[in-house]
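Accompanying notes for the structure given below.
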Protein chains: 2
Amino acid sequence: ARPKVGYFYSGKSDINVFSQEAEKYLVEDVMKMPVVVTEDSTIYDAIVTLFLEDTGTIYVVANNYLSGVVSRKDFLKTLMGGGDMNKMPVGMIMTRMPNLATVTKNETIIEAANRIVENEVDSLPVVEVMEENGKERLKVIGKVSKSNITELFVNLCKK
Amino acid sequence: ARPKVGYFYSGKSDINVFSQEAEKYLVEDVMKMPVVVTEDSTIYDAIVTLFLEDTGTIYVVANNYLSGVVSRKDFLKTLMGGGDMNKMPVGMIMTRMPNLATVTKNETIIEAANRIVENEVDSLPVVEVMEENGKERLKVIGKVSKSNITELFVNLCKK
């Protein structure tokens, strides 16, 4: 029988090596440029922007601060419903603040991934929290998506 | 000075602990049910299916075998172009075989994630390769997406 003495306890079983590696990555390390339109843009113009920028989600701003999010799904629903896309502004169909999940650039990718899964969204706007007249305002500075996380997963498996 | 003798070389630097853990997961461990329509379904019916099943991509079959893939983006483009969604079949607008990236259930999630990133798609149909009259046919048995990979990433970081 193999002697039970002299072996080395590494303590590894207590450590999640996976998260230990993953938590080194912050949102700012993987975030992409956001695609942004103003709340009064027509649905038509926003859809054209969506195709030209080849993205699935657009962030909407009013007075330069985040006011909403609009996605392919929202646009498709509007067109199916027969809305006039040349007249209706995106502000009418977007998901509006404060019902939006966001993330800041110093949070970890693990936190961002958790929030994406919990909120069942494809991406989160990366925001800087500002104050204006005593009110909290969010400035959009990036975007972190399931695509970023899939790419990070691939890269972490390669290294 | 610290003596340079007696330290233990673990060899850890040669091993990617991340992929070592991730490669335990096969496509069949995380795949979801696919949403499938036939090639002659109208675009209208396919869009209704897309919303009722709350999915972003539909797989299209002809004679029970994979013939194409159609996504929110394809539908949005068609509606923008003024196509008659009550008459046009999805077969007219789908991305058609053999221009489709697929995966089998025994491949690893790392392979699936790589293929998703390389092909710039949101999901891959999980297929079983069959033969009919000497021709290769693909039966759709599942779907693996960026959402599955994001969820796996979150779960691996939790364990």
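The values are calculated or read from the model by the stated rules, or taken from the named source; none is laboratory data. In this text, all values refer to a predicted model and were calculated from it rather than measured experimentally. Methodologically, a virtual Cβ is constructed for each residue, glycine included, from the backbone with ideal geometry; neighbour enumeration extends over all protein chains shown.
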Within region A:59-73, track down each residue that is among the β-branched types (Val, Ile, Thr) and either out of contact with any helix residue (DSSP H, G or I) (no Cβ under 6 Å at 6 or more places or on another chain) or facing chain B (nearest Cβ under 9 Å) (or both). A:61, A:69
Step by step: first the residues of region A:65-87, then only those that are modelled with pLDDT of 95 or more and either among the aromatic types (Phe, Trp, Tyr) or over 26 Å from residue A:120 (Cα atoms) (or both), then the one that is farthest from the chain's Cα centre (by Cα). Which residue is that? A:75
Within region A:119-154, the count of residues that are in contact with a helix residue (DSSP H, G or I) (Cβ under 9 Å, 6 or more places away or on another chain) and among the charged types (D, E, K, R) comes to 4
Kindly provide the set of residues from region B:68-94 that are surrounded by fewer than 15 Cβ atoms within 10 Å (Cβ to Cβ) and among the charged types (D, E, K, R), ordered by number. B:77, B:84, B:87
Is at least one residue of region A:50-67 assigned to a helix (DSSP H, G or I) and buried (at least 16 other Cβ atoms within 10 Å of the Cβ)? yes
Hey, among the residues in region A:14-23 that are more than 7 Å from chain B (Cβ to nearest Cβ) and under 17 Å from residue B:20 (Cβ atoms), which one's modelled with the lowest pLDDT? A:15
Of residues in region A:39-58 being within 12 Å of another protein chain (Cβ to nearest Cβ) and of a type in the set (S, T, N, Q), the one farthest from residue A:120 (Cα to Cα): A:55
Residue under evaluation residue A:126, criteria (1) in contact with a Lys or Arg (Cβ under 7 Å, 6 or more places away or on another chain); (2) surrounded by 16 or more Cβ atoms within 10 Å (Cβ to Cβ); (3) farther than 20 Å from residue A:25 by Cβ; (4) not aromatic (Phe, Trp, Tyr), criterion not met: (3)
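For region B:95-120: of the residues being outside any helix (DSSP H, G or I) and within 14 Å of chain A (Cβ to nearest Cβ), which is surrounded by the most Cβ atoms within 10 Å (Cβ to Cβ)?
B:103
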When both residues are 6+ apart or on different chains and their Cβ atoms are under 6 Å apart, which pairs have a first residue that lies in region B:147-159 and is more than 7 Å from chain A (Cβ to nearest Cβ) and free of Cβ contacts under 8 Å to residues at least 12 places away in the same chain, and a second that is of a type in the set (A, V, I, L, M, F, W, C) and surrounded by 20 or more Cβ atoms within 10 Å (Cβ to Cβ)? none
Residue check for residue A:76: without any contact (Cβ under 8 Å) to a residue 24 or more places away in the chain, part of a strand (DSSP E or B) and either within 13 Å of another protein chain (Cβ to nearest Cβ) or among the hydrophobic types (A, V, I, L, M, F, W, C) (or both): no
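Considering every residue within region A:135-144, establish whether at least one is within 13 Å of chain B (Cβ to nearest Cβ) and within 12 Å of the chain's Cα centre (by Cα).
Scanning region A:135-144 turns up at least one residue that is within 13 Å of chain B (Cβ to nearest Cβ) and within 12 Å of the chain's Cα centre (by Cα).
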